[in-house]
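Below: one structure, written as structure tokens.
The values are calculated or read from the model by the stated rules, or taken from the named source; none is laboratory data. Model, not experiment: these values are computed from the prediction. Cβ: placed from backbone, ideal geometry, glycine included. Neighbour counts: every protein chain shown.
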Amino acid sequence: MSVEHAAIVGAGVAGLTAALALAKHGISSEIFEQAPSLDEVGAGLQISPNASRILGKLDVLDRLTALWLEPQAIRLISGTTLRELASVPMGDTARLRWSAPYGVLHRASLQGALLGAVQQNPLCTLHLGVRLESGDIPDGSRKADVLIGADGAWSKIRDKVADSPVSRFSGNIAYRFTVSAADARGALDQHSVAAYLGPSAHLVCYPLREADRFNMVAITSGHSTAQAWSGQPTAGQRQQLLSRFSRWNGTLLSLLEKSEEMTFWPLYEATHGKWQNGRDTVLIGDAAHAMMPFAAQGAAMAIEDAYELASFLAKRPVAEALRMFEARRVPRINRLRQRGAFNQFAYHARGPVRIGRDIVLSLKSPQSLAADLDWIYGYHAID
Ligand SMILES: Cc1cc2nc3c(=O)[nH]c(=O)nc-3n(C[C@H](O)[C@H](O)[C@H](O)COP(=O)(O)OP(=O)(O)OC[C@H]3O[C@@H](n4cnc5c(N)ncnc54)[C@H](O)[C@@H]3O)c2cc1C
């Protein structure tokens, strides 16, 4: 049976991209989103060329380039001495090397651009304020040929897929916040993504052109009992963050102290498991493979998933398309998880490992660091 109509649960990056990608093949969809509106809490996103290439094909990229900043480099810097350890050229180099741009922006801007495109597309229908507990489509909706679970790290649609992944707390917390451009002046690079590395923690900073602020993400080990994405940190959690960074460079510490709109993100990751039921239901994005943000690829993988799933559904009977989708995506996601785990080890290294890391990085040319990213950023999704 070929697909004419899809039901998508969740209007995050995965769900909205899936609706647009299906529409490109003439397949209609209804998206069911639990939130009554798609407002986003403050957080930035790095959009790498593998994802921006797809957003270009879906006619969303122009909406982003009008808002985002294309950083000149991704820099790794010591969080204690502020010595640059490595720098990977981006900007025009990214456009040339991977034939698509690398940009940073507010996540709300990406979601807003996808939402605008969905609302203008007659094949896509979005229902807000509809929470699906079991995957049963609400009465009155059109019967769907395929159910796409794009409902994030705590997916309910997983219940419809035997041996699907489960989410578990990773032992790490992300504190996301912003500082004003005025506070950051003289302390942070206005043109780059900077990852400051220190023992058991790292801090990623980049400018958000739309907001005239800097996005900051501090990741460190911690405890969480909450099964929720973000929340305001308690005074104790904020104090814990400051104490983790107390031996860092004073300039960075004072930025942490000045931070505004801080949110607390316990980081959950999905275990390995089945993503499709062999018939009519499939998981994409964080529902399938929520991962730690050490490779900054979660949203990019959600975009790749959505695009490639639509391509398979357009050409094959549903069950076969779902199997082919899983077979194509699993090796790439596994390789990315390994890269994320390696980055975590390298970023948070202490003692002799840290010294070894710094030597290895200092011996690598910018070109060889860029070449290490070819398999991620140079990926061409199946049309
Ligand atoms: C600190 C941090 C930094 C990150 N930085 C980057 C980065 O720089 N680059 C990058 O590519 N990725 C990054 N990521 C990862 C990225 O944010 C996620 O991987 C991505 O947003 C996942 O998108 P999604 O659509 O799969 O899930 P979500 O964004 O979680 O969307 C799921 C949607 O489903 C809805 N929903 C859930 N349950 C139901 C239900 N039962 N019924 C109806 N609706 C439901 C939710 O309300 C939500 O809107 C980062 C993540 C973190 C935590």
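So for region 177-185 (the condition being within 16 Å of the ligand (Cβ to nearest atom) and not β-branched (Val, Ile, Thr)), does at least one residue qualify?
Yes: one or more hits.
Across region 1-55, what is the total count of residues that are at pLDDT 95 or above, among the β-branched types (Val, Ile, Thr) and under 17 Å from residue 113 (Cα atoms)?
5
For residues that are in contact with a Leu (Cβ under 7 Å, 6 or more places away or on another chain) and within 17 Å of residue 14 (Cα to Cα), scanning just region 149-167, find the one that is nearest to the ligand (Cβ to nearest atom).
The extreme case among them is 156.
Sort through 186, 231 and tell me the only one that's at positive phi and either free of Cβ contacts under 8 Å to residues at least 40 places away in the same chain or touching a Leu at 6+ places or on another chain (Cβ under 6 Å) (or both).
186
Residues of region 123-136 being of a type outside the set (D, E, K, R), surrounded by fewer than 17 Cβ atoms within 10 Å (Cβ to Cβ) and closer than 18 Å to residue 158 by Cα, which ones?
Of everything in region 123-136, just one residue is of a type outside the set (D, E, K, R), surrounded by fewer than 17 Cβ atoms within 10 Å (Cβ to Cβ) and closer than 18 Å to residue 158 by Cα, namely 134.
Go through 47, 54, 77 for me and flag whichever is touching a residue at least 40 places away in the same chain (Cβ under 8 Å), buried (at least 21 other Cβ atoms within 10 Å of the Cβ) and either away from the ligand (no atom under 16 Å from the Cβ) or of a type in the set (Asp, Glu) (or both).
Selected residue: 77, the only one of 47, 54, 77 that is touching a residue at least 40 places away in the same chain (Cβ under 8 Å), buried (at least 21 other Cβ atoms within 10 Å of the Cβ) and either away from the ligand (no atom under 16 Å from the Cβ) or of a type in the set (Asp, Glu) (or both).
Go over the candidates 314, 346, 321 one by one and state the one that is in contact with a His (Cβ under 6 Å, 6 or more places away or on another chain), of a type outside the set (Ser, Thr, Tyr), more than 16 Å from the ligand (Cβ to nearest atom) and assigned to a helix (DSSP H, G or I).
Answer to the selection: 314.
Can you tell me which residue within region 123-148, out of those that are among the acidic types (Asp, Glu) and at pLDDT below 95, is farthest from the ligand (Cβ to nearest atom)?
The qualifying residue farthest from the ligand (Cβ to nearest atom) is 139.
Here are the criteria: (1) touching a strand residue (DSSP E or B) at 6+ places or on another chain (Cβ under 6 Å); (2) surrounded by fewer than 14 Cβ atoms within 10 Å (Cβ to Cβ); (3) of a type in the set (A, V, I, L, M, F, W, C). Tell me which single one residue 342 does not satisfy.
Of the numbered conditions (1) touching a strand residue (DSSP E or B) at 6+ places or on another chain (Cβ under 6 Å); (2) surrounded by fewer than 14 Cβ atoms within 10 Å (Cβ to Cβ); (3) of a type in the set (A, V, I, L, M, F, W, C), the odd one out for residue 342 is (1).
Given the criterion in contact (Cβ under 8 Å) with a residue 60 or more places away in the chain, polar (S, T, N, Q) and surrounded by fewer than 18 Cβ atoms within 10 Å (Cβ to Cβ), identify the matching residue among 311, 362.
Step by step, each of 311, 362 is checked, and only 362 is in contact (Cβ under 8 Å) with a residue 60 or more places away in the chain, polar (S, T, N, Q) and surrounded by fewer than 18 Cβ atoms within 10 Å (Cβ to Cβ).
If I go through region 7-24 residue by residue, how many of them are within 17 Å of residue 158 (Cα to Cα) and more than 9 Å from the ligand (Cβ to nearest atom)? Write out each step before concluding.
Just the residues of region 7-24 that are within 17 Å of residue 158 (Cα to Cα), to begin with: 7-12, 14-15.
After this cut, where a residue has to be more than 9 Å from the ligand (Cβ to nearest atom) as well, the list is 7-8.
Total satisfying the criteria: 2.
Determine the pairs where a residue that is at negative phi, located within region 196-207, has a partner that is modelled with pLDDT under 90 and surrounded by fewer than 23 Cβ atoms within 10 Å (Cβ to Cβ) with Cβ atoms under 6 Å apart, the partner being 6 or more residues away or on another chain.
As it stands, the answer is 197/347; 199/350; 201/244; 202/347, since those pairs meet every condition given.
Could you pull out every one of the strands (runs of 3 or more DSSP E) wholly within region 211-311 that has 3 or more residues that are within 13 Å of the ligand (Cβ to nearest atom)? Talk me through it step by step, then tell me what you get.
Details: elements: 213-221, 260-270, 281-283.
Those strands (runs of 3 or more DSSP E) span 213-221, 260-270.
In region 137-156, what residues are crowded, with 17+ Cβ neighbours inside 10 Å and within 19 Å of residue 299 (Cβ to Cβ)?
Within region 137-156, 148, 149, 150, 151, 152, 153, 155 meet the criteria.
Counting only residues that are closer than 23 Å to residue 263 by Cβ and within 20 Å of the chain's Cα centre (by Cα), give me the strands (runs of 3 or more DSSP E) lying completely in region 44-155 with at least 2 of them. If you could, list the steps in order and put the result at the bottom.
On the way: elements: 44-47, 73-78, 84-89, 103-106, 124-128, 146-149.
Fully inside region 44-155 and qualifying: 44-47, 103-106.
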